[in-house]
1. Please tell me if residue B:185 is closer than 30 Å to residue A:101 by Cα, assigned to a helix (DSSP H, G or I), away from chain A (no Cβ under 14 Å) and touching a helix residue (DSSP H, G or I) at 6+ places or on another chain (Cβ under 8 Å).
2. Are any residues in region A:7-38 in contact with a strand residue (DSSP E or B) (Cβ under 7 Å, 6 or more places away or on another chain) and assigned to a loop (DSSP other than H, G, I, E, B), and if so, which ones?
3. Answer yes or no: is there a residue in region A:97-104 that is without any contact (Cβ under 8 Å) to a residue 24 or more places away in the chain, surrounded by fewer than 19 Cβ atoms within 10 Å (Cβ to Cβ) and closer than 27 Å to residue B:205 by Cα.
4. Could you tell me whether region A:51-67 includes any residue that is touching a strand residue (DSSP E or B) at 6+ places or on another chain (Cβ under 9 Å) and assigned to a strand (DSSP E or B)?
5. Here are the criteria: (1) surrounded by fewer than 17 Cβ atoms within 10 Å (Cβ to Cβ); (2) assigned to a helix (DSSP H, G or I); (3) in contact (Cβ under 8 Å) with a residue 24 or more places away in the chain. Tell me which single one residue B:166 does not satisfy.
6. For the structure I just gave you, tell me whether residue B:241 is farther than 25 Å from residue B:186 by Cβ, surrounded by 18 or more Cβ atoms within 10 Å (Cβ to Cβ) and touching a strand residue (DSSP E or B) at 6+ places or on another chain (Cβ under 7 Å).
7. Can you pull out every residue in region B:169-178 that is surrounded by fewer than 18 Cβ atoms within 10 Å (Cβ to Cβ) and more than 16 Å from the chain's Cα centre (by Cα)?
8. Among (1) free of Cβ contacts under 8 Å to residues at least 40 places away in the same chain; (2) farther than 24 Å from residue A:34 by Cα, where does residue A:190 come up short?
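The values are calculated or read from the model by the stated rules, or taken from the named source; none is laboratory data. Please read these numbers as outputs of a predicted model, since none were measured by experiment. Reconstructed Cβ throughout: ideal geometry from the backbone, glycine too, with neighbour counts over all protein chains shown.
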C-alpha cells in the first residue's frame with residue numbers, strides 16, 4: 001500500500017552481511033536487510049533460527065562478528081543497549097521490561113526521567129507526555145498514574161509499545177508482541193502496531209503467528225538455522241511459500 | 001475490613017482495600033499503640049512531655065538507620081551489617097575525637113560506616129553475592145572488629161562540642177537529636193521520592209532486568225544503597241556516642257531487629273520496588289513508643305523482645321499478603 005513511499009525513502013536500518021559466531025558455532029551468517037521508515041518488516045523462522053540473536057545484534061547487546069549496521073546512512077558500532085537507544089532504536093521485549101509496582105508514567109520514562117532546574121523529577125511533564133501518547137496510540141489505561149500490576153496483559157503491552165514509540169526516532173523492534181495475549185487484546189495491539197506506520201519509523205516484528213505477519217507486515221524475511229532464506233513482499237507471497245521457506249520443505 | 005471500606009466509598013474494592021491497607025496500616029498501628037499506652041499507662045507518666053520527648057530522642061539512631069534500610073530494601077537488597085556498623089563507627093569516632101577533635105571524629109565515624117557499606121556493596125553489586133549472606137557475614141565480622149578495637153573497653157567521649165552536636169545540645173530550642181532526625185528524614189524523603197536516583201532504586205528493586213535494559217546501572221545502584229545504609233549507620237553511631245558520651249561495642253547490637261521492623265511496618269516491601277521514608281519514621285517512632293511503653297508496664301527485657309518479635313511477624317504477614325495479590 002505504501003510501498004512507493006517506502007521505496008523512495010532512505011532505509012532507517014541497513015544490515016549488510018551480518019555474521020555472528022559464538023566460539024565455533026555460527027548463529028547468523030550473511031544476513032542483509034533494509035527497513036525503511038513507515039515500513040513493517042516481519043522476521044520469521046522456527047525456534048533456534050537465529051531471530052533472538054539478530055534482535056540482540058540490532059539492539060546492541062551483541063556485537064556482530066563481521067558485517068555492518070547502518071542507521072540512516074551512518075555506519076554504527078554498538079556495544080550495549082544504551083548505544084542502540086541513542087541511535088533511535090527501541091526494543092519491546094517479550095517480557096515487556098516493565099517495573100510492575102511503578103506507575104505507567106514512571107515506566108514510560110524509566111532510566112530517562114526528566115528533571116526540573118532543581119534536579120528533581122518533573123512529574124508533571126512525564127504525566128502529560130504519557131497521557132498525550134497513550135491517547136494518540138489509543139492504549140486504553142485508567143490513567144498515567146495507574147500501577148502496572150493493575151493493568152491487563154494487553155494494556156501492559158500497550159504501555160511497552162507506547163514507551164518504545166515515545167523514544168524511537170528510527171526503529172522499533174517488537175519481539176512476539178502478542179504471544180501472551182487473548183484474541184481481543186491481540187487485535188488491539190495489532191491496531192496499535194499498524195498505527196506506528198504513520199509515524200515514519202521502521203518496525204521490525206518477530207512473530208510466530210503467520211496470520212499476524214500477513215496482516216501487519218509489508219515484507220517478510222525468513223531465517224532458517226542462522227541462514228537468510230529470503231525476503232518476500234507480503235502482497236506478492238502466500239502462507240504456503242513462507243511455510244515452505246521456514247521449514248525448508250519446498251513443494252513445488 | 002476491606003469490604004467494609006469498599007462498600008462505604010463505592011469504589012472498586014481492590015483499589016480501595018490496597019490503598020488503605022498498605023498506606024495507612026502504620027499510622028493506624030501507631031495511633032492504636034499510642035492510645036493503648038495512653039490509657040493503660042496514664043498513671044505511669046507515659047503522656048508526660050518529658051517521656052514523649054525521651055521517646056523521640058531515643059528513636060533518633062533507629063530512624064536514621066531505617067532511612068538507609070528503606071533505600072536498601074527498595075532496591076531489593078538487605079543490610080544486616082548495620083547492627084555492628086554502629087559500634088565500629090561510634091568507637092572509631094570516640095577514639096579519634098578525643099585526640100583530634102570534632103571534625104576528625106565525624107569524618108572517621110561516618111567514613112567507617114561508608115567503608116563497611118563499600119565492602120558490602122562491592123561484594124553484592126560486582127562479585128554478585130546475595131546481600132543477605134554478605135551482610136550477615138559482615139555483621140559478624142564487624143561485631144568482632146568492634147570488640148577487638150578497644151578490647152571490650154568503653155571509650156568515654158570528652159569533647160563537649162561533639163557531645164553537644166550529636167547528643168545533649170540543642171539549636172533554636174530543639175534538641176540536636178531531633179534536628180538530625182528531621183534533616184535525615186527530609187533529605188531522605190526528597191532523594192527517595194523526587195530524584196532520578198530514587199526512581200532508579202525503586203526500578204532496580206522492582207525489576208532489575210527492566211532497569212538494566214532501560215540504561216540504569218543496576219550494580220551502581222546496589223553499591224550506592226549499601227553505602228548510604230553504611231554511612232547512615234555510621235551517623236547513628238555518632239548519635240549514640242554523643243548522647244551517651246561514650247562508645248562501646250554493644251551499641252546498636254539490639255537495633256537490627258527494631259530497624260527492620262520499623263521499615264517493614266512503615267510500608268516498605270521486603271522484596272523491593274516499593275517503600276516510604278515517612279512510613280519508616282512513623283514505624284520507628286512506633287517501635288520506640290512500644291519499647292518505652294513496655295518498660296513502663298514493667299515487662300522484662302526478654303518479654304519486650306518477645307512482643308517486638310510478634311509485631312515483626314504480624315508486619316511481615318501483612319507485607320507478604322500485599323505482595324502476593
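1. Judged against the criteria, residue B:185 is a match.
2. A:11, A:12, A:36, A:37
3. The answer is no; no qualifying residue exists.
4. yes
5. Going through the list (1) surrounded by fewer than 17 Cβ atoms within 10 Å (Cβ to Cβ); (2) assigned to a helix (DSSP H, G or I); (3) in contact (Cβ under 8 Å) with a residue 24 or more places away in the chain, residue B:166 breaks only (1).
6. Taking the combined requirement at face value, the residue does not satisfy it.
7. Within region B:169-178, B:169, B:170, B:171, B:172, B:173, B:174 qualify.
8. Among (1) free of Cβ contacts under 8 Å to residues at least 40 places away in the same chain; (2) farther than 24 Å from residue A:34 by Cα, the lone unmet condition for residue A:190 is (2).
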